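Coordinate-derived values only; no laboratory data. As the structure is a prediction and not an experimental result, all values here were calculated from the model. Note: ideal-geometry Cβ built from the backbone for every residue, glycine included; neighbour counts use all protein chains shown.
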Amino acid sequence: MITTLADALAKQGYTELTPVQVAVTDEALIGQDLLVSAQTGSGKTVGFGLAIGPTILPEDGAFGPAGPPQALIIAPTRELALQVKRELQWLYAGAGATLASCVGGMDFRDERRNLERGAHIVVATPGRLRDHIMRGTIDLSEIRAVVLDEADEMLDLGFREDLEFILDQAPDTRRTLMFSATVPAMIATLAKSYQKDAVRIATATKETQHSDIEYRALSVANHDIDAAIINTLRYYDAPNAIVFANTRAMVTRLTTRLSNRGFSVVALSGELTQSERSNALQAMRDGRAKVCVATDVAARGIDLPNLELVIHAELPTNAETLLHRSGRTGRAGRKGISALIVPAKMKRRGENLLKWGKLTATWATPPTADEVTAKDEERLLTDAVWTEDFTEDEQAFAQRLLAEHAPEKIAAAYLRLYAGKQSAPEFISEYAESPQAKERKPRETKSFGPSKWFSVDVGREGKAEARWLLPMICKAGGITKNEIGAIRIQPNETYVEISEPAVPGFLKSVGQDMKLENQATLKALDGPPQLGERGPRKTKRDYDKGAKRDYKPRDNTPPPPSRQEHIAAIKPIPGAADDPQSRKPRAKPARRDHGEALTEKRSKPPAKGKSDGKKPRGKGKSDFKSDTKPRGPGGGKPKGKPQGNAKDTSKRFTPPGGKPKARKGLGKGGSAAPRRAKS
């Protein structure tokens, strides 16, 4: 290993490398393209930082003056890109490396100035890096190594075209290293297209994933989800905790709820600006915030050193997302807890997620208020403050307290002050599993007893429905729905069953006319109605226009003729044989092609002062008479199409194949051929 990198690891406290770091730093793989799959939290960032060292560093292990970048690291999200930059900064600090970032949401002009000054390593997100390449603000001519971190996530987010564009712009002599948690078919295709003889390295399997994480599935009633989240945070009291939600709206709601309960909480979602997201993560690292409510994409790949608890407020959509969420804790050998809040309606889904991810979880209920209080007392008794030395001022004030108050009172006051700094635990209702469907007993149906049937002269064709028939009958007869049994709606009438003990009072309330509301008439029946078997309910397809229906006549009436038979019966084709197959189709009339015959020859109005051979029209008496002369029988307008005037040549059509005849007396304003000037 290069000396400057080894010194940086020792300074950071590394005593041994993780399996993925050992695999990628093998001397036999120097200069090779790599396709690495490793679980989240396995130290991939330091791993590819060590792997590209021999490619970009000189023999003495120190960089020269900064110029065009020599290494390019591409990450899917802004947070992950900035985190990678921080990791590589301490790793290459001894080598004198200059790093630059190209991340969406940051000031483009600042990034351009940093690139112009020169950088040895550039960490970028795909979209912003493509913008720099297209604007010519980054020079990729001296790139020696390209690393794709979380390649599967970049393809899932739709960055395939951007990655292909970037890799096409990089030199062909580069090394290409792809790091991913899984290697789906798209990753394999991308590796085959842009890597040369890549070495496949797999350092983890799903059976051994997240061995440092304790999975707990907390069954809770549907209305106690928020209370379960609060009690879980209070019970474990982790230095840093992440609460995952599926939507931005849920992130906003949970952030507000936890903030109101006294938690130091920040939010992390796509609707925040990059500066807000960076400040939120920095608050978690500094200890100013202990809880982060985040969505899946925003928290992808982030690494918080003191993150010990992950809570899934909403179950993820698949097992892979569950693994990535849980991988935020238990990183690099540290222990962590992943708690799934599983409401009663989502228990089957929670079981399937654990089974698909091949994970073993401990099923339990959320911590109760008493358990949280007992945990607080335990933490108080084991606090490190009891073993520390106190200053003279502190001891003097303690003596003053003892002089004024009894020791028991001082201890009780301290306990109350200690509890006041924490959010009060929530009450959790007792969770009882509902019986499985196969264990549920069938519903017992009680007999209605002796009854009498009545008919109402309104049925299905009259828009009869039980929802308005029932209250109408109850109101008219002075009974309740308990005295009404079955209601059978037929096409033209409805049968109603009424309990026999309630019949006398029912008939007295209805009256002798047996009239209900809306002028409906009631009639008593001698016995139960004879109802036929009810056929299957019609579907939407039965009502579609043109749908084929089987003809089922009620009697021996023959079925109606088909459309072809109907047409043949009305308009028989002359000369057709009896066999339908021998009928000749009716010939369609030939389509006429008028050509230029439809070209309308309009004459232009004659020029002022010119004559076209007709009597000029004026405002004389003859013109008035000719204009007002009746043109049809009875002095009105003619019926039908008006007849044309043979003398009117203003609108004349040329017959097919014919030539227009020149009209006499036309001047320059007519349709005659223009006169050519003499040469």
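Structure notes:
- The packing ranking, built from the mean of other Cβ atoms within 10 Å per residue, places the peptides 142-155, 92-105, 466-479 in the order 142-155, 92-105, 466-479, highest first.
- Phi angles of the range 66-73 translate, via the Karplus equation with coefficients 6.51, -1.76, 1.60 and θ = phi - 60°, into HN-Hα couplings of 6, x, x, x, 9, 9, 10, 10 Hz per residue; Gly and Pro are given as x.
- Projecting the Cα atoms of Gly43, Pro54, Leu17 onto the charge dipole of the range 7-60, computed from C-beta unit charges around the Cα centre, puts Gly43 farthest toward the positive end.
- Summing +1 for each Lys or Arg and -1 for each Asp or Glu among the other residues whose beta-carbon sits under 14 angstrom from that of Arg130 gives -3.
- Taking 0.36 nm per residue of sequence separation and removing the Cα-Cα distance, the Arg467/Arg112 pair yields an extension gain of 120.7 nm.
- Here the spin labels are modelled as points 7 Å beyond Cα on the Cα-Cβ line, and at Ile410 and Asn222 they lie 5.4 nm apart.
- Sorted peptide list for 315-324, 131-140, criterion being average Cβ within 10 angstrom, highest first: 315-324, 131-140
- For the range 1-114, the dipole from Cβ point charges (+1 on Lys and Arg, -1 on Asp and Glu) about the Cα centre works out to 460 debye, to the nearest 20.
- Charge dipole (Cα centre; +1 on Lys/Arg Cβ, -1 on Asp/Glu Cβ; no other charges) of the range 103-162 amounts to roughly 400 debye.
- Dividing the mean sequence gap of close Cα pairs (under 8 Å, 6+ apart) by how many residues the range 13-120 holds gives a relative contact order of 27 percent.
- Here the Debye sum runs over all C-alpha atoms of the range 172-277 as equal scatterers in vacuum, and log10 of I(q)/I(0) at q = 0.10, 0.12 Å⁻¹ comes out as -0.55, -0.72.
- Between His132, Ile166, Ala145, the Cα set farthest toward the positive side of the dipole of the range 126-170 (charges on each charged residue's Cβ, about the Cα centre) is that of His132.
- Phi angles across the range 213-223 convert, under the Karplus curve 6.51 cos²θ - 1.76 cosθ + 1.60 with θ = phi - 60°, into 3J(HN,Hα) values of 10, 9, 8, 10, 9, 9, 7, 8, 5, 4, 8 Hz, Gly and Pro given as x.
- Amide H contacts under 5 Å for Gln490, placed H, 5+ residues apart: Arg460, Tyr495
- Check: the range 148-294 dipole with +1 on Lys, Arg Cβ and -1 on Asp, Glu Cβ, in debye: 480
- A cut-off of 5 Å between modelled amide H atoms, ignoring neighbours fewer than 5 places along the same chain, links Cys292 with Ala241, Ile242, Val243, Val266.
- Share of pairwise Cα separations in the range 9-110, more than 25 Å, in percent: 22
- Violating pairs (Cα-Cα greater than 19 angstrom) within the set Lys85/Lys192; Lys475/Lys508; Lys452/Lys523; Lys375/Lys421; Lys335/Lys355; Lys11/Lys290: Lys85/Lys192; Lys335/Lys355; Lys11/Lys290
- In order through the range 80-89: 3J(HN,Hα) via Karplus (6.51 cos²θ - 1.76 cosθ + 1.60), integer Hz, x for Gly, Pro: 5, 5, 5, 5, 4, 4, 5, 5, 6, 5
- Leading residue at positive end of dipole, the range 322-421 (Cβ point charges), from Val372, Gln399, Ala344: Ala344
- Compared with the rule-of-thumb size 2.2 N^0.38 Å for a compact globular protein, the range 235-311 has a Cα radius of gyration ratio of 0.98.
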